Every structure is written in C-alpha cells, then in structure tokens.
Amino acid sequence: MTSSEIRQAYLDFFRDRGHAIVPSAPIVVKNDPTLMFTNAGMNQFKDYFLGNKKAPNARVADTQKCLRVSGKHNDLEEVGVDTYHHTMFEMLGNWSFGDYFKKEAIEWSWELLTSVYKIPKDRLYVTVFEGDEKEGLPRDEEAATEWKKWIAEDRILLGNKKDNFWEMGDTGPCGPCTEIHVDCRNDEERKLVDGKTLVNNDHPQVIEIWNNVFIQFNRQKDGSLVSLPQKHVDTGMGFERLVRVLQGKQSNYDTDVFSNTIAKIAEITGRKYDYSDSREAIAFRVLADHIRAISFTIADGQLPSNTGAGYVIRRILRRAVRYYYSYLNYRQPLLHQLLPVIAQQFAAVFPELISQESFVARVIREEEEAFLRTLEKRPAPHR
Ligand code: SER
C-alpha cells in the first residue's frame, strides 16, 4: 500500500464504525497557554474531555499534524540520528467523547492492524498500565482482560507510569494507556532474542506504533488528579511508523513518505544517501524531517522570530542549515528548494501548504540566507 492508501484505510475503517472524519487542527496553537504547538491529536478536543464543551460528534477520527519539539513531549535531539522520531509527524487518531471505551477501542485497533493492515500477530506486543501507588491508581485490569480476548497472554506486558499513563502536559486531561508495539526484526534475530525484552527499550526495530489512552482524569496545577465526569478514548498512531511497518522498511525515511524528499536532496547536493549512521546520512534525514516541520508551521501562521513559538521554528530551521552546511558541504539556501516536493505530496491531505507554497518558500529562503551569512562570518576552526 502507498502511504496515501494507508492513511485512507485508517479513516475509512473508523468512518465505517460511526466516526465523523474531521480536519487536522493547525500545528500552531493560539488559544491554549499550556501549549505552543499541537503535540497530540487530542489537543483540539481538550474542552470535550474536560466537559467544558459538548462534542458535536461522540466519535471522530482524523490525521493530525503534530510537532514534538518543546515542553513535555520533545524529540528534537533524536531526530535524524535515529530512524523513527520526527519533529513533525502525522498522528492518526480516533476518539470517543463519553461514548465507547476500552472494549471497542482495543477490539478495533486489533482488527485494523491484523485484519486490514495484516500485520502478523506474532510480531505484536501490547502494554497495559501496572498501576501507581503514589498516585493511588490501580493496575488496568479492564484493558488486560480485553486484550486477552485477542492476543496471547505472554504478549501482554505491564508498563509503568512513564510509559503507560499519558498526560498532555503538566496539567490537563490524562489517563492510563495501552500501547501496541511491533517487532520488525528478521526471523533469525527474533529467534535469538525474545521481542518482549526489547519493548520500550529504544530498539530501532521494535517500536511503538499506537497508543490508546483512556482519558479519565484532569491533572491539576497542584499535581492532584480529579476524575472527569465522563470517560473518553484518545488514540494516536504514528503514521510514518505505520507506513514503515507496512512497507517492510528498516527506517521511516525509506518509505514513500520521505523518499521523494531524500531523492531531491541528493539531486540538489550531488551526494548519495547511504542509509548509514554517518553524519552525512543523518544530514539527509534531518533535512527531510525538518523541512516538513518548518513548512507546515509557517503555512499555519507562525513565522520564524526571536521569541516563543517563532524562535522554536527558527532553531529547527537553523539546525537543518547547520547540517547541510557542515556535512553536505552545501553553502547556498537549500531547504526552500524542497518545498515543491512537500507541497505536492501533501496537496490532497493538507492543501494549506500548496496554496501558500511561494510565500512559505520565500520566508524559508530569507531565513536561510540570513543564517548562512552568519555562518560564513565565523572564523574557520583551528586545525
Ligand atoms: N494522546 C496520546 C498520544 O499522543 C494518544 O493519542 O500518544
């Protein structure tokens, strides 16, 4: 399946189960002082979870542009160095606002992964919350019981508060979660080392793809948890990881989500991407990743600047410039040349980029020029 087909299959699956398909919220958050950028699909629904507003649809699904580069969820330093973290990524999500709960959420995630996407069952592991005494939270027996209907018991693992209790930020909606992990190693490696020992252990081939959160609490400023009037479901699946699993690749960057951008970088710089951990290969990945974050954030109304959200974007852009300047030996503005590829690729799903393509390219180019002038002025390092 192409990445577009994979995205569509997700939305169709939940549409068939009574979900309204809604658009992604902008990546830049303007109306929530606890957040600069959308860091999860559920952000735009915060008021429904907290009971401040009534949801027009009790079931929704979408693909949400997310950015995890600041605050509680920050993956920036991993990006490019590894092959499965991103600054901007798409999160496929389905939600229940006081409607279905653990039974359906678990059943549907299993059905989608194993029957629609046909991921072999013996490559999947799930984790459930083991409870936390200090917080006064019990083990999530209900989730474990639901999973036992579908997956062998020795593939159901317990996880602690860090991995299995999801919170949006320091305050706000939260709850225990159950995660689904896929073991993408080859058969030989799988025989040698039991996959369950690698879950949540930073193994590049044993990765989390989907998190099902059961939102039941509101974390207060004083750290206490207050139960919400209703129980909700908030799921998030990493689209780029899912595509990588389904396309049988070793790295998110080897899928059709990134391959056109990587090819364009090779064409511009005259270098070859060699899939390795070399600085040069990392530079390819950093550029292919960062251009998405930068472009979509500008398209959603946040210009690079010296403060706040604008400064975060400027730093991401400069990180990318440093990589091509230092490791691809490219000394002219490069990022803006990638815009046509990205804009075209996302034209159907996020049309806001193609409709502002020349504006976004101009902003990026000006930023690149200014920063390259600064880099050129630096004295050469001592030899
Ligand atoms: N909010 C959860 C997460 O971001 C699930 O969508 O992982």
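Just so you know, all these numbers are worked out from the coordinates, no wet-lab data involved. From a predicted model like this one, the values you see are computed outputs, not experimental measurements. Positions of Cβ are generated from backbone atoms using ideal geometry, with glycine treated the same way; all protein chains shown enter the neighbour counts.
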Original post:
Can you give the net charge of the other residues whose Cβ lies under 10 Å from the Cβ of Lys103, counting K and R as +1 and D and E as -1?
Top reply: -2
**OP:** Can you tell me the FRET efficiency between Thr197 and Lys162 if r is taken as the Cβ-Cβ distance and R0 is 25 Å, rounded to the nearest 0.05?
**Re:** 0.90
Subject >> Inter-label distance for Lys272 and Ala347, nm, one decimal - labels placed 7 Å from Cα along Cα-to-Cβ >> reply: 3.2
**OP:** At most 13 other Cβ atoms within 10 Å and a DSSP loop assignment: could you name the trypsin sites (Lys or Arg not before Pro) in segment 199-288 that fit?
**Re:** Lys221, Lys272
Original post:
For the pair Ser358 and Arg315, what calculated FRET efficiency results from E = 1/(1 + (r/R0)^6), where r is the Cβ-Cβ distance and R0 = 30 Å, to the nearest 0.05?
Top reply: 0.80
**OP:** Please identify the longest segment of the chain free of exposed GluC sites (Glu not before Pro), where exposed means a DSSP state other than H, G, I, E or B and no more than 15 other Cβ atoms within 10 Å.
**Re:** 136-383
**OP:** Would you list, by chain and number, the lysines whose Cα falls below 16 Å from the Cα of Lys53, excluding same-chain residues fewer than 8 positions away?
**Re:** Lys231
Original post:
If you plug each phi of segment 120-135 into the Karplus form 6.51 cos²θ - 1.76 cosθ + 1.60 with θ = phi - 60°, what whole-Hz ³J(HN,Hα) values come out, in order, with x for Gly and Pro?
Top reply: x, 5, 7, 10, 9, 10, 10, 10, 10, 5, 7, x, 8, 5, 4, 7
Original post:
Given N residues in the chain, what is Rg(Cα) / (2.2 N^0.38 Å)?
Top reply: 1.00
**OP:** List the aspartates and glutamates whose Cα lies under 15 Å from the Cα of Lys134, skipping any in the same chain that are fewer than 8 positions away.
**Re:** Asp222
**OP:** Return the calculated 222 nm mean residue ellipticity for the chain, to the nearest 500 deg cm²/dmol, obtained by summing -39500 (n - 2.57) across DSSP H runs with n ≥ 4 and dividing by the residue count.
**Re:** -10500 deg cm²/dmol
Original post:
Under 11 Å from a point 7 Å along the Cα-to-Cβ line of Lys72: which residues of segment 137-179 have their amide N that close?
Top reply: 165-175
